[in-house]
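Here's the structure we're looking at; comments come further down.
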Amino acid sequence: MKRIILLITMAMVLDLSYLNAQTGIFQSAVDVGDPKKAGSTQYDEGNQTYTIKGGGYNIWFGRDEFHFPHTKLSGDFILTANFSLVGEGVDAHRKLGWMIRESLDEDAAHISATLHGDGLTVLQWRVLKGAHMRDPQDEVFAPKSHYQVIQLERNGQNIIMRAAMVGEPLQEIGAKTMSDLPDEILAGIFVCAHNEDVLEEALVWNVRIEKPVANDYNPYQQGFLGSHLETMNVFDGKRKIIHSYEKRFEAPNWMPDGEKLLFNQEGSLYTIDLDGQNMTKLNTGFANRNNNDHGISFNGKLLAISHHREGLPGGGSTVYVLPLEGGEPQQVTDKTPSYWHGWAPNNREVVYVANREGDHYDIYKKSIKGGEEVKLTDMTAAHADGPEYSPDGKYIYYNASVTGTMQLWRMKSDGSQKEQITFDQYNDWFPHISPDGNWIAFISFPTHIDPKSHPTYKRVMLRLMPASGGAPKTIAHLYGGQGTINVPSWSPDSKHIAFVSYSK
């Protein structure tokens with residue numbers, strides 16, 4: 001039996017052997033155009049950062065010279081990364097960014113999202129092999145300079161460039177139809193010195209190649225995409241993928257010791273070390289249909305889960321509690337559906353979202369020892385979700401669609417003095433309060449999403465704001481949504497969060 005369990009666990013882990021010590025997720029790294037100074041790529045697996053060096057006279061006119069870590073891609077995709085040139089450099093037009101290219105020929109058709117040494121940010125292209133790139137016909141200039149986050153997307157024949165300053169949402173810079181590019185192309189990061197006698201250096205991190213799906217994609221019918229468990233320092237924005245799986249897992253909690261994460265996968269809960277090793281199934285007794293609403297009490301002793309009972313209203317989601325080390329769950333809620341979202345700091349009460357009448361959801365709290373549930377909101381036509389206590393117990397933070405978009409709110413622990421705390425065009429979900437009480441991390445969905453829904457496989461942002469109030473800043477751009485950060489996921493030191501991104 002132990003051997004069978006081991007084989008099943010090994011089969012659940014996505015093979016990451018494709019990662020190359022030199023080129024990371026890229027298949028190859030080469031110089032294009034035979035530059036005078038040879039370039040290089042070095043991948044630091046520990047912090048998942050690329051150091052690339054490149055020479056070359058330019059990427060312009062009828063031929064190019066540069067260094068190019070790349071991989072073969074077909075179909076639609078989204079390329080996103082953070083970029084920075086090292087040092088002052090020699091030429092103001094040294095450059096780096098993302099490139100999509102038909103071949104490694106020096107005069108190949110290509111399109112690139114380019115950041116220059118002086119901050120100039122441009123979408124540039126050579127539409128046909130051998131064509132001369134022209135100024136200004138073959139470029140679109142960004143309205144600002146010195147962007148750090150650069151994104152290049154292919155959607156059919158349309159290539160779209162987006163960019164963002166640190167802390168800001170992505171903005172579209174421009175788009176170009178590249179009808180002569182083949183379906184299979186080379187995509188990668190690049191650096192060019194813009195001076196044939198110089199070798200320039202750049203750092204590239206948070207590198208993601210994502211394969212999007214159609215807006216109406218139904219994963220329950222068409223299959224789930226790959227899942228990636230990530231951690232991130234919220235103050236410098238550096239992300240690290242620690243575990244990947246070819247199907248679906250969701251909603252990490254940070255364990256009290258700060259050394260492991262807890263997440264749900266296919267009805268069960270698992271712990272995993274921060275280095276992606278030692279994935280272990282947690283004993284939850286009879287509860288084998290757990291969803292992504294689970295979390296750990298403030299004293300670190302108890303675990304709340306949401307397990308589906310068959311044949312009951314709304315799918316039968318029911319809140320239970322059990323020892324954090326595992327054991328037999330004890331039922332807390334009687335009526336369904338009930339989805340856990342937060343513990344009270346006294347470790348004796350939980351808050352959850354539930355549907356009791358109509359098609360709207362409200363927030364309730366209840367003692368884990370029994371008694372009647374207490375209704376804290378009255379949404380009628382709106383929707384409330386994601387309740388979570390502040391560490392001092394004074395407030396319950398949540399999201400609600402009262403104003404027509406989903407925004408973050410808070411109320412006193414008895415349900416009084418409700419006040420809105422975000423005011424923007426996005427749909428903001430799942431406020432998570434740092435253990436020191438100073439910060440709120442949350443997920444923002446695009447404006448075109450139904451405010452009452454939080455679907456998966458969408459372009460979303462993770463954002464951070466002071467708990468005392470203030471403007472949110474964007475800390476991550478990713479492909480995700482439902483399951484990304486549904487539950488409390490702060491590290492005990494209030495410096496990191498864990499989340500899940502989704503993509504093949």
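The values are calculated or read from the model by the stated rules, or taken from the named source; none is laboratory data. This structure is a prediction, so every number in the text was calculated from the model and none was measured. Using ideal geometry, Cβ is built from the backbone for each residue, glycine included, and neighbour counts are taken over all protein chains shown.
Figure legend. Inter-residue proximity from the range 451-465: first residues assigned by TED's automatic domain parsing to the domain that holds Thr405, second residues among the basic types (Lys, Arg) and at pLDDT 95 or above, beta-carbon distance below 6 Å, spacing 6+ or different chains. Indicated pairs: Leu464/Lys473. List the number of the failed condition for Trp340; all other conditions in (1) closer than 27 Å to Ser244 by Cβ; (2) at pLDDT below 95 hold. Here Trp340 clears every test but (2). Looking across the range 418-440 at every residue that is in a loop (DSSP other than H, G, I, E, B), of a type in the set (S, T, N, Q) and in contact with a Phe, Trp or Tyr (Cβ under 9 Å, 6 or more places away or on another chain), the one that is farthest from Asp392 (Cα to Cα) is identified as Thr422. Has the range 336-352 got at least one residue that is assigned to a loop (DSSP other than H, G, I, E, B) and among the β-branched types (Val, Ile, Thr)? Within the range 336-352, one or more residues are assigned to a loop (DSSP other than H, G, I, E, B) and among the β-branched types (Val, Ile, Thr). Of the strands (runs of 3 or more DSSP E) lying entirely inside the range 189-287, those containing at least 1 residues that are of a type in the set (Lys, Arg) and buried (at least 19 other Cβ atoms within 10 Å of the Cβ) are 200-210, 239-245.
Residues in the range 29-84 that are surrounded by fewer than 18 Cβ atoms within 10 Å (Cβ to Cβ), in contact with a Pro (Cβ under 9 Å, 6 or more places away or on another chain), not small (Gly, Ala, Ser) and not in a strand (DSSP E or B): Asp76 only. Of all the listed residues (Leu186, Leu181, Leu274), the sole one being of a type in the set (A, V, I, L, M) and assigned by TED's automatic domain parsing to the domain that holds Thr484 is Leu274.
Taking the criterion of being among the basic types (Lys, Arg) and either in contact with a helix residue (DSSP H, G or I) (Cβ under 7 Å, 6 or more places away or on another chain) or not in a loop (DSSP other than H, G, I, E, B) (or both), the only residue of the range 441-458 that qualifies is Lys458.
Residues that are assigned to a strand (DSSP E or B) and surrounded by 24 or more Cβ atoms within 10 Å (Cβ to Cβ) within the range 478-497 comprise Leu478, Gly480, Ile497, listed in sequence order. In this structure, is Pro136 in a loop (DSSP other than H, G, I, E, B) and within 28 Å of the chain's Cα centre (by Cα)? Criteria not met by Pro136. Mind listing just one residue for me: the one in the range 398-430 that is β-branched (Val, Ile, Thr) and under 30 Å from Asn347 (Cβ atoms) and, of those, nearest to the chain's Cα centre (by Cα)? Taking the candidates together, the pick is Thr422. Within the range 367-420, the residues that satisfy the criterion of being crowded, with 21+ Cβ neighbours inside 10 Å, of a type outside the set (Ser, Thr, Tyr), under 18 Å from Arg463 (Cβ atoms) and out of contact with any Ser or Thr (no Cβ under 6 Å at 6 or more places or on another chain) are Asp385, Gly386, Glu388, Asn399, Ala400, Met406, Trp409, Arg410. Ser179 falls short on exactly one of the conditions (1) within 18 Å of Tyr457 (Cα to Cα); (2) in a loop (DSSP other than H, G, I, E, B), and that condition is (1). If you go through the range 101-113 and keep only what is under 14 Å from Met133 (Cα atoms) and of a type in the set (S, T, N, Q), you end up with just Ser112. Have a look at Gly223, Gly315, Gly237 and point out the one that is out of contact with any Asp or Glu (no Cβ under 8 Å at 6 or more places or on another chain), at positive phi and at pLDDT below 95. When all the criteria are applied, what remains is Gly223.
With respect to being surrounded by fewer than 19 Cβ atoms within 10 Å (Cβ to Cβ) and outside any loop (DSSP other than H, G, I, E, B), Gly314 fits the description. From the list Glu328, Glu388, Glu357, the lone residue that is at pLDDT 95 or above and not in a strand (DSSP E or B) is Glu328. For the range 85-121, filtering for residues that are of a type in the set (Gly, Ala, Ser) and in a strand (DSSP E or B) leaves 3. Leu229 meets all of the listed conditions (1) among the hydrophobic types (A, V, I, L, M, F, W, C); (2) closer than 24 Å to Ala187 by Cβ; (3) under 15 Å from the mean Cα position of the chain (by Cα) but one, namely (2). What residue, of Gly39, Gly33, Gly97, is on the phi > 0 side of the Ramachandran plot, in contact with an Asp or Glu (Cβ under 7 Å, 6 or more places away or on another chain), modelled with pLDDT of 95 or more and not assigned by TED's automatic domain parsing to the domain that holds Val460? Gly33 is the lone residue from the list that is on the phi > 0 side of the Ramachandran plot, in contact with an Asp or Glu (Cβ under 7 Å, 6 or more places away or on another chain), modelled with pLDDT of 95 or more and not assigned by TED's automatic domain parsing to the domain that holds Val460.
Checking each residue of the range 426-437 against the condition of being within 21 Å of Asp293 (Cβ to Cβ), touching a residue at least 12 places away in the same chain (Cβ under 8 Å), in the same structural domain as Gly483 (by TED's automatic domain parsing) and among the charged types (D, E, K, R) gives at least one match. In the range 161-177, the residues that are without any contact (Cβ under 8 Å) to a residue 24 or more places away in the chain reach residues that are outside any strand (DSSP E or B) and surrounded by fewer than 18 Cβ atoms within 10 Å (Cβ to Cβ) with C-beta atoms within less than 6 angstrom, at least six apart or across chains, in these pairs: Thr177/Gln157.
Residues of the range 403-423 that are of a type in the set (A, V, I, L, M, F, W, C) and either without any contact (Cβ under 8 Å) to a residue 12 or more places away in the chain or within 15 Å of Asp450 (Cβ to Cβ) (or both): Met406 alone.
Of the residues making up the range 325-348, those that are within 25 Å of Thr271 (Cα to Cα) and buried (at least 20 other Cβ atoms within 10 Å of the Cβ) are Pro329, Val332, Ser338, Tyr339, Trp340, His341, Gly342, Trp343.
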